[in-house]
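Read through the structure below, which is laid out as structure tokens, and then see the notes.
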Amino acid sequence: MKIGFIGLGQMGSAMAANLLKAGHTVTVFNRRPERRAPLVKLGAHEASVVADASQGDVVITMLADDTAVGDVVFATDGLLANLPKNAIHISMSTISVALSKRLALAHLEAGQRYLAAPVFGRPDMAAAAKLFIIAAGESATIDACMPIFDSLGQKTSRIGAEPFAANLVKLSGNFLLAAAIEALGEAIALVGKAGIDRRAYVDLLTSTIFTAPAYRTYGSLIAAGSFEPAGFAAPLGFKDIQLGLAAAESLRVPMPLASLLRDRFLTLFAQGGNKLDWSAIGGLAAQDAGEHHAGSAPFVSSTG
């Protein structure tokens, strides 16, 4: 398939590379030209403007937030104005329910097709084509995009005909992950202050009652105080909690734990941790308890 790929961060770069490996014709765009060069070396075509990446059968956006997606899609010379009739925009970014609804309507009015297909997985999973993809939209459009999804992930779950449903599920999943990080942080701080080996504790938990990969990944990072480099930057996690709370407010669903998590991120940022991995909120409990070990000192990133 002829695919345009817009957004070449850690996730997007790995995903675009996997599409090339699968034999797709890929045109890549990123505002920073140096991000395009490694993909061009792998065989991608380079687009110097969004319009040049929007001419194929499918265009994928993998961008940081609503503002970035909106700028790419709705600009005068952007994606919406240049995507051919009946071509498909797959938004794989973690965006708000409100923006997803706006995108669906705009593409429908333009005679284009739109899917929301956000993913669960960190950069290592993206590189290994092991992402979990949540797809929502017209069933026939999802069918047409399955070769793309199969090149990127280990499983694609269909969540409904309304694209926004995938975005809401993604936000709910990130809320659950952040809640697990906070709970792990508190439990690790408790046993750590009692003199119990933190890493041995995490090994015990993740081989018995909490065997899910998320507990293993984040428990290990918290126990080691290893929050750099960021696989998923804390400001992005904070953004997702805020978007989840906005969706909850619109549906009149109280989420008191989400409000707590929002404040934990604000505490992290107040202490200089805005460049750390989002798992750094799990290190706050040890710091609150007066512990002084790797990861529990004030969260000033070594990179600035």
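Where a number appears in this text, it was derived from the coordinates with a stated rule and is not lab data. Owing to the predicted nature of the structure, the values given are computational and were not obtained by experimental measurement. Heads up, the Cβs are rebuilt from the backbone with ideal geometry, glycines too, and the neighbour counts pull from every protein chain shown.
What is the Cα centroid distance between the stretch 203-249 and the stretch 134-149, reported in whole angstrom? Centre-to-centre distance over Cα atoms comes out at 28 Å. The P(r) of the chain has a tail past 26 Å containing 47 percent of all C-alpha pairs.
Rounded if a/c is under 1.5, else prolate if a/b beats b/c, else oblate: with a ≥ b ≥ c from the C-alpha gyration tensor eigenvalues square-rooted, which is the stretch 167-288?
prolate
Take the Cβ atoms of residue 22 and residue 98, set R0 to 30 Å, and the FRET efficiency comes out at 0.35.
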